[in-house]
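So the structure is just underneath, and the comments pick up after that.
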Amino acid sequence: MMDKAAGALLPALMEQAGAGAARLLLERGPELGLGEQARVVVLAGPGNNGGDGYVMARHLATARRDVTVVSAGEPRTELAKAARQAWSGAVIPLASFQPDSLLHAEGIVVDALFGAGFKGDLPSAPAAFLQGFKHRMALDMPSGVDGLSGDCAPGVAPCQLTAAFGRLRPGQLLLPGKAVCGVVKAVPMTMPPESIQAMEDAFPAAILRTPTEPVPAEAEGLLRFFHNAPGLWRLPLQTPLDNKYTRGVVSVIGGGVMSGAGRLSLMGARRSGCGLARVAVQAQSAMIYILGAAGAIIDELTPSVTLQTLLEDKRRHTWVCGPGLTSSEVMASFPVLLAAKRQVVADAGTLDWAAGAPEKLRGAAVITPHAGEFARVFNTPRMLGLLKRNRPLAALEAARLTGAVCVLKGSDSVVAAPDGRVAINTHASDGLATAGSGDVLSGVVGTCLAVGMAPWEAACAAVWLHGQAGQAASAREGGWPLAEDVAAELGRARGLATTLQQAG
Ligand SMILES: NC(=O)C1=CN([C@@H]2O[C@H](COP(=O)(O)OP(=O)(O)OC[C@H]3O[C@@H](n4cnc5c(N)ncnc54)[C@H](O)[C@@H]3O)[C@@H](O)[C@H]2O)[C@H](O)CC1
């Protein structure tokens, strides 16, 4: 519950939101194709999003712009009522608004119908009203988009510009919401920590904390969102005292039939800076690994040298298990690694092995499913529903069911920890949608774990490094990199991350 002092901050936030949105429209109007004196229609809803709309209208009028407010319902909150009162112009009820073809073509509608408080279905009359305009700008969220998940109700009118108030919201970064927000521009707001808490308490959709924003102790264990970037995590820097063991040892279980995936994982681990990478593979399949990676150690498994034997080396505490593995190869390795209390990245074959049985993944440090693998492991109607409509909560629930950090991969990857931390990664490239890219990522997660990072930080760092490497490889390869090209960029990505994290 929000206390009284925190609640007192909200009118100032609404004033900043409305004034900032007016400034944004005045600044960016020409880029949207609006004329100098283009008319503005604000569609104000019944909640605080509508309240922002009234404040914005007041500031636009002060700036001598032709602005009309159309109401889709009387204000219901005290804040919105006060904002309505402070607006001295006319308010036209939606039903009385007279269509005007010039206005619809050359003016702009400000969507202040629903923001973070939207639930359920979009009412058809205001939705049709918004759709009637060529130019649209949203306050906070286009109406009908869920601020937490980016899920869109039927009938959402896509906007060219969305004003983000103080902090981004997950729904502005996650598909399909991201696609209907257009350009998301931050409206800077002065926000002391109490007001961030007040916003989180007062508005149902979450906001994204910046990497270095402190999380108050009372928020521990609660759902909280972060934008993934260096500073949210810190990769260790190189020092003159480093040796290959201090930089971390990553061991990969190598597949006998599909060796390419394991080799790419190995490449991901090595290129992202682990000190030593090793592969454990049945002796008869070892040659391809031996010939493919001069700097890696290949451990040939025989009746006398088993996985158990390798696990006697306590320095080998980080393992990647899954890329290119059949179910029987997983069965012969994954439970052995868990029983030996190793930190394991479970990917690909290990996820398929756990189809319909997420409890089999308990004990893994990090799981890295794409949507298809996720649907196979977590195949209950509830989880499939979350996967479709709320990826952050799907990943969080998966993390809580398995006790592992869950990287739900996609163009907007989500990294969830069982304790409620969820990072959204937007630092990526479409070029990453290529075979083997996920195998490379599993190796990068391995490196970040092996060097001593905690699982959520390690997974976030790995996803960012992989995204950065994907961007660089795409740029070098005309947009079409191979997984090997992505791996080749990981060293430079790590160098950049360590520079940026100093600033964060
Ligand atoms: N981020 C900030 O700093 C600030 C954000 N502000 C704005 O406040 C809104 C959230 O306000 P809230 O009142 O909680 O929600 P809404 O205005 O989005 O709508 C609530 C209102 O709408 C009704 N409603 C919801 N869904 C439906 C539906 N499907 N059909 C009909 N009616 C619906 C609901 O019953 C309520 O009456 C946030 O987005 C920002 O724009 C503040 O300005 C402070 C600073």
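The values are calculated or read from the model by the stated rules, or taken from the named source; none is laboratory data. Predicted, not measured: the structure shown is a model, and the values here were computed from it. FYI the Cβ positions are ideal-geometry reconstructions off the backbone, even for glycines, and counts take in every protein chain you see. Only protein heavy atoms, including side chains, enter the accessible area calculation; ligands, DNA and RNA are left aside. Shrake-Rupley method; radii C 1.70, N 1.55, O 1.52, S 1.80 Å.
Hey, does the stretch 133-140 have a residue that's assigned to a loop (DSSP other than H, G, I, E, B), within 28 Å of the chain's Cα centre (by Cα) and surrounded by 20 or more Cβ atoms within 10 Å (Cβ to Cβ)? Scanning the stretch 133-140 turns up at least one residue that is assigned to a loop (DSSP other than H, G, I, E, B), within 28 Å of the chain's Cα centre (by Cα) and surrounded by 20 or more Cβ atoms within 10 Å (Cβ to Cβ).
Figure legend. Inter-residue proximity from the stretch 310-328: first residues of a type in the set (Phe, Trp, Tyr), second residues assigned to a loop (DSSP other than H, G, I, E, B), beta-carbon distance below 6 Å, spacing 6+ or different chains. Indicated pairs: TRP319/ARG342.
Scanning the stretch 150-170 for residues that are open to solvent by 10 Å² or more (accessible area, probe 1.4 Å) and of a type outside the set (A, V, I, L, M, F, W, C) yields ASP151, PRO154, GLY155, PRO158, GLN160, GLY166, ARG167, ARG169. For the stretch 107-117, the count of residues that are more than 14 Å from the ligand (Cβ to nearest atom), farther than 20 Å from THR68 by Cα and under 29 Å from the mean Cα position of the chain (by Cα) is zero.
Screening the stretch 208-298 for strands (runs of 3 or more DSSP E) wholly inside it with 1 or more residues that are modelled with pLDDT of 95 or more returns the ranges 249-253, 276-282.
Can you pull out every residue in the stretch 120-129 that is open to solvent by 40 Å² or more (accessible area, probe 1.4 Å) and within 13 Å of the ligand (Cβ to nearest atom)? Result: GLY120, ASP121, PRO123, SER124, ALA125. Being in contact with an Asp or Glu (Cβ under 8 Å, 6 or more places away or on another chain) and over 22 Å from LYS388 (Cα atoms) is the filter here; which residues of the stretch 148-182 pass it? Hits for the stretch 148-182 are CYS159, THR162, ALA163, ALA164, PHE165. Residues that are near the ligand (Cβ under 8 Å from one of its atoms) and in contact with a helix residue (DSSP H, G or I) (Cβ under 7 Å, 6 or more places away or on another chain) within the stretch 145-161 comprise just one, GLY147. When ALA286, ALA294, ALA229 are checked against the criterion of being small (Gly, Ala, Ser) and closer than 26 Å to TRP464 by Cβ, a single residue qualifies: ALA229.
If a residue counts only when it is open to solvent by 10 Å² or more (accessible area, probe 1.4 Å) and of a type in the set (A, V, I, L, M), which strands (runs of 3 or more DSSP E) contained entirely in the stretch 2-119 have at least 1 such residues? By residue number, 67-71, 91-93.
Name every residue in the stretch 311-358 that is surrounded by 24 or more Cβ atoms within 10 Å (Cβ to Cβ) and assigned to a strand (DSSP E or B), in order of residue number. Those that are surrounded by 24 or more Cβ atoms within 10 Å (Cβ to Cβ) and assigned to a strand (DSSP E or B): THR318, TRP319, VAL320, CYS321, VAL344, VAL345, ALA346.
In the stretch 171-194, the residue that is nearest to PRO30 (Cα to Cα) out of those that are open to solvent by 50 Å² or more (accessible area, probe 1.4 Å), touching a helix residue (DSSP H, G or I) at 6+ places or on another chain (Cβ under 8 Å) and within 12 Å of the ligand (Cβ to nearest atom) is PRO188. Scanning the stretch 256-269 for residues that are under 21 Å from LEU311 (Cβ atoms) and open to solvent by 20 Å² or more (accessible area, probe 1.4 Å) yields a single hit, GLY256.
Residue count for the stretch 299-310 satisfying the condition of being assigned to a strand (DSSP E or B) and either of a type in the set (Asp, Glu) or open to solvent by 40 Å² or more (accessible area, probe 1.4 Å) (or both): 2. When you scan the stretch 37-53, do you find a residue that is assigned by TED's automatic domain parsing to the domain that holds LEU130, at pLDDT below 95 and more than 16 Å from the ligand (Cβ to nearest atom), even just one? The answer is yes; a qualifying residue exists.
Here the stretch 400-439 is the region considered, the condition is being closer than 15 Å to LEU232 by Cβ and of a type in the set (S, T, N, Q), and the residue that is most open to solvent (accessible area, probe 1.4 Å) is THR426.
For every residue, the table says whether it meets (1) over 28 Å from ARG278 (Cβ atoms); (2) over 14 Å from the mean Cα position of the chain (by Cα); (3) modelled with pLDDT under 95.
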position: GLY372; (1), (2), (3): yes, yes, no
position: THR380; (1), (2), (3): yes, yes, no
position: ASN390; (1), (2), (3): yes, no, yes
position: CYS406; (1), (2), (3): no, no, no
position: SER411; (1), (2), (3): yes, no, yes
position: GLY436; (1), (2), (3): no, yes, no
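Set side by side, the residues LEU241, LEU291, LEU276 differ, and just one is more than 29 Å from the chain's Cα centre (by Cα), open to solvent by 30 Å² or more (accessible area, probe 1.4 Å), among the hydrophobic types (A, V, I, L, M, F, W, C) and under 21 Å from GLY495 (Cβ atoms), which is LEU241.
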